[in-house]
Amino acid sequence: MSNHRRPGENRIVRFFLIAAAVVLLGAMLVAPLVLLLAEAFGKGVAAYFDSFSKPDTVSAIIQTLLIAAVVVPVNTVFGLAAAWCIAKFNFPGKTLLVSIIDLPISVSPVVAGLVFVLIFGSRGWLGPFFAAHGIKVIFAFPGMVIATLFVTIAFVARQLIPLMQQQGRDEEEAAMVLGAGGFRTFWYVTLPNIRWALVYGVLLCNARAMGEFGAVSVVSGHIRGQTMTMPLQVLALYQDYDSVGAFAVASLLAFLAVVTLVVRRVLEWRFRAELGYAGSL
Amino acid sequence: MGLLSFYFSTKGNTITISRILLVATALVAIAPAARADKALLNASYDATRELYADYNQVFAAQWLKQTGEKVTIAQSHAGSGDQARAVIDGLDGDVATLALSYDIDAIAEKAKLLPTDWQTRLPNNSAPYTSTIIFLVRKGNPKNVHDWNDLIRSDVKVITPNPKTSGAARWAYLAAWGQVLKSGGTPEQAKDYVAKLYHNVPVLDSGGRGATNTFVQRRQGDVLLSWENEALLAARQLGQDQFDVIVPSSSILAEPSVAVLDVNAAKHGTAKEAEAYLRFLYTPEGQDIAAKHFFRPRNAEVAARYAQNFADVKLFTIDDVFGGWKKANDAHFIDGAAFDQIYTPSK
């Protein structure tokens, strides 16, 4: 221990800094969660579980799960392909591709939703084509999937790229020298090296896909029992003066988020070496 | 949840991905659930949520009895202007029940889903029920709000939605403007009054229901300037002991309009059902449901039965004071018109 005082060692300073952190954490994180649960169970446990038997709410939960079931695998494949290209190869336009992958994170979700209305709306570029073939895109399930795909597109790739870059391509080159083809190399060499970072990216992608509000709200059309997702249903129920129903659905969403976080923590702890600095977020 | 454990239980290789894809495609194939014999979609605005939740069941039962045909009605609710926009962009409604005729005019003009003379197809200009704009204040009226002039006092905060997206807001804005003219004011005085009024508005929600929630659940502001039916419903839902309804000396006759969206209904083969659905609103039974949800019925007998719910307000019409919706819209709500000139977000 050194003798000279460092900033922050002053007890008063330390007390106020810790108190400020506790107050902030309490006000921003703990209090809302407690309030959420208090409202959800405000009319008793029976009323809470009763809200999950309403057809519209059940439909919203199913829609959310279906959207995630399509979006997460697609973005997993895309993320893998993009990260593989970017980390292991050099090609013209690589920097551009990296920036484009980041674009959905920086664009406002509402703007993203509006863009898809402009493209697939009945007066948009592709809308009349799909309408002529009897396919509903916007204000239906496909549109909601597309909007969610867009906002979550970077989540898997962003987790993989730094790790794959760090790992370099020595092992792949060795495999190639030993006679393995491209696909075989990917399957037996690259994928095992990144699998936990991949799972981690998939979890983040899934969390966002289930929680997305803005972009989906624009393209959903808000048809009760058909094109509502859980976040949309929370707002709709709240505005229907059904606060128990709204907060019950919200608590389910929060529960899913907590599960994701716990899984993420466990992964981080068990595979911290493998995760590299991708896991230090 | 199932999804999460699914990822988690499988060892990290791409068999997982193909398996998930398989499951996903299977799920999507099931997704478009079997439609009932006939399905209608009613694209409506914010304040009618409870009305149509009730009405749809009664109509479906009545239609089944009358024709032996099963019909289910799905609802979509948002700000009236947003809904018109959505229908124009392809929201596949069979009928539109919006807050004002201008929004249905926009659908007729831009998307050509129905003829422009749609208002003549049903009685009462295709407005089966009416409403007006009144004030809702906190219990005991602590800010002493009694009439329009109290809304522009510097100590009063008014909650009202955004006229760019909400029907309730347009009616509220026009009520505020019109009452100045009706009490002998000049257009300049009306503009000045409305500017002062919106200076007292801390937040503009995009729909009527959002504004009501801001006032009653989040407890913002001193006065909610909105639909009579919204105010009465909020007072009933959240307890009579929390709010007082204040009726101004004069206000506007708000006529929410309904119409069949011909092109969509023809595409779905639901033209007959859609027409019957709207016509039933005019029957004593339909009128009774409307009145129960605090919309003013057209039917005199039903109106008499619910007279105690509706205060006697001096009502002026939009045709009378503004020369109809087209003119009102051009003068007040299009980009750069009166509302844009007077509105600057306060603080």
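The values are calculated or read from the model by the stated rules, or taken from the named source; none is laboratory data. Everything numeric in this text was worked out from a predicted model, so none of it was measured. Here the Cβ is made from the backbone with ideal geometry for all residues, glycine too, and neighbour counts use every protein chain on show. Only protein heavy atoms, including side chains, enter the accessible area calculation; ligands, DNA and RNA are left aside. Shrake-Rupley method; radii C 1.70, N 1.55, O 1.52, S 1.80 Å.
Ranking A:Val13, A:Leu261, A:Ala180 by how far each Cα lies toward the positive end of the dipole of chain A (charges on Cβ) leaves A:Val13 at the top.
For the stretch A:162-281, count the residues as N, evaluate 2.2 N^0.38 Å, and divide the Cα radius of gyration by that value, please.
In units of the 2.2 N^0.38 Å rule of thumb, it is 1.52.
For a straight C-alpha distance cut-off of 12 angstrom, the aspartates and glutamates reachable from B:Lys327 (same-chain residues fewer than eight places away being disregarded) are B:Asp319. Amide H to amide H distances under 5 Å link A:Gly121 with A:Gly127, where only residues 5 or more positions off or on other chains count and H is placed in the peptide plane. Annotation for the stretch A:7-36 versus the stretch A:194-212: alpha-carbon center distance of 30 Å. Residues of the stretch B:273-311 with backbone nitrogen within less than 17 Å of a virtual label 7 Å along the Cα-to-Cβ line of B:Thr317, please, listed as ranges. Label zone hits: B:296-300.
For the stretch A:44-279, the solvent-accessible area of protein heavy atoms averages 44 Å² per residue (probe radius 1.4 Å; ligands and nucleic acids excluded).
Restricting the calculation to Cα atoms, the protein assembly as shown yields a radius of gyration followed by a Dmax of 28.3, 95 Å.
Charging the Cβ of each Asp and Glu at -1 and of each Lys and Arg at +1, and nothing else, the dipole of the stretch A:44-279 about its Cα centre rounds to 220 debye.
Hey, what number do you get for the protein assembly as shown at 222 nm if only DSSP H runs of n ≥ 4 count, each worth -39500 (n - 2.57), divided across all residues, to the nearest 500? Show your work: numbers first, answer last.
Working: 33 runs with 364 residues, N = 628.
-17500 deg cm²/dmol, from helical runs alone.
Taking θ as phi - 60° and the Karplus parameters 6.51, -1.76 and 1.60, the scalar couplings of the stretch A:111-119 work out to 4, 4, x, 5, 4, 5, 5, 5, 7 Hz in sequence order, x denoting glycine and proline. Inter-chain Cβ neighbour count for A:206-212, averaged per residue, equals 1 (cutoff 10 Å, partner chain atoms only).
Using the Cα centre of the stretch B:185-268 as the reference point, and only Cβ charges (+1 on K/R, -1 on D/E), how large is the resulting charge dipole? Debye, rounded to the nearest 20. The calculation lands at about 260 debye. Here the accessible area of chain B is 54 percent carbon and sulfur, with a 1.4 angstrom probe and all protein chains present. Result for chain A in a Gaussian network model with C-alpha springs under 10 Å: among A:Asn206, A:Asn90, A:Asn193, the largest mean-square fluctuation is at A:Asn90. In chain A, inverting the average of 1/r over every pair of distinct C-alpha atoms gives 21.8 Å as the Kirkwood radius.
Could you state the number of Å between the C-alpha centres of the stretch B:215-290 and the stretch A:96-126? Rounded to whole Å, the Cα centres lie 35 Å apart.
Once the Kirkwood radius over Cα pairs is known for the stretch A:144-193, the Stokes-Einstein relation at 25 °C and 0.890 mPa s delivers a diffusion coefficient of 195 µm²/s. Taking θ as phi - 60° and the Karplus parameters 6.51, -1.76 and 1.60, the scalar couplings of the stretch A:78-92 work out to 4, x, 4, 4, 5, 5, 4, 4, 6, 7, 9, 10, 10, 7, x Hz in sequence order, x denoting glycine and proline. Interface area, chains A and B: about 3500 Å² of buried accessible surface, summed, with a 1.4 Å probe and ligands, DNA and RNA left out.
Only bridges with both residues in chain B count here: give the DSSP antiparallel percent, nearest 5. Display every interim value, and only then the final one.
Numbers: 17 of 33 bridges.
Roughly 50 percent of the DSSP beta bridges within chain B come out antiparallel.
Only Cα pairs under 8 Å and 6+ residues apart enter the sum, and on that basis the relative contact order of chain A stands at 29 percent. Of B:Arg279, B:Arg218, B:Arg170, the residue with the greatest mean-square motion in the GNM of chain B, using alpha carbon springs below 10 Å, is B:Arg218.
If you roll a 1.4 Å probe over chain A with all protein chains in place, what percent of the accessible area is carbon or sulfur?
Numbers: 10340 of 14680 Å².
Of the solvent-accessible surface of chain A, carbon and sulfur hold 70 percent.
Projecting the Cα positions of A:Val137, B:Ala175, B:Gly68 onto the charge dipole of the protein assembly as shown (unit charges on Cβ atoms of Lys, Arg, Asp and Glu, taken about the Cα centre) puts A:Val137 furthest along the positive direction. Dipole magnitude for the stretch B:221-333: computed about the Cα centre from +1 point charges on Lys and Arg Cβ and -1 point charges on Asp and Glu Cβ, it is near 280 debye. Quick one: among A:Met28, A:Met210, A:Met144, which has the greatest mean-square fluctuation in a GNM of chain A with alpha-carbon springs under 10 angstrom? Between A:Met28, A:Met210, A:Met144, it is A:Met28 that shows the largest mean-square fluctuation.
Taking amide hydrogens as placed 1.01 Å from N in the peptide plane, the amide H of B:Ile252 sits under 5 Å from those of B:Ile133, B:Phe316, each at least 5 positions away in sequence or on another chain. Placing dummy labels 7 Å off each Cα toward the beta-carbon, the span from B:Glu188 to B:Lys292 is 5.3 nm.
Take every Cα pair under 8 Å whose residues are at least 6 apart in sequence, average their separation, divide by the length of chain B, and the relative contact order is 22 percent.
Please label the shape of the stretch A:211-267 as rounded, prolate or oblate, based on the square roots a ≥ b ≥ c of the eigenvalues of the alpha-carbon gyration tensor (a/c under 1.5 means rounded; beyond that, a/b larger than b/c means prolate, else oblate). Oblate shape, in that a/c is at least 1.5 and b/c is the bigger or equal ratio.
First select every other residue whose beta carbon is under 10 angstrom from the beta carbon of A:Phe186; then total the charges, Lys and Arg +1, Asp and Glu -1. Computed value for this residue: +1. Remark: the A:Ser243-A:Ser108 segment gains 45.8 nm on full extension, using 0.36 nm per residue and subtracting the alpha carbon distance.
Would you mind telling me the antiparallel percentage of the DSSP bridges in the protein assembly as shown, rounded to 5? So the antiparallel bridges in the protein assembly as shown amount to around 55 percent.
So if we plug the beta-carbon distance of A:Phe49 and B:Asp54 into 1/(1 + (r/R0)^6) with R0 = 25 Å, what FRET efficiency do we get, rounded to 0.05? Write out the running numbers ahead of the final one.
Numbers: r = 25 Å, r/R0 = 1.00.
For R0 = 25 Å, the calculated efficiency reads 0.50.
Would you mind calculating the relative contact order of the stretch A:164-243 from Cα pairs under 8 angstrom and at least 6 residues apart, reporting the percent as a whole number? Rounded, it is 18 percent for the stretch A:164-243. Averaged over the residues of peptide A:65-71, the number of Cβ atoms from other protein chains lying within 10 Å of each residue's Cβ is 5.
Among A:Val30, B:Val58, the order of accessible area from largest down is A:Val30, B:Val58, computed with a 1.4 Å probe on protein heavy atoms.
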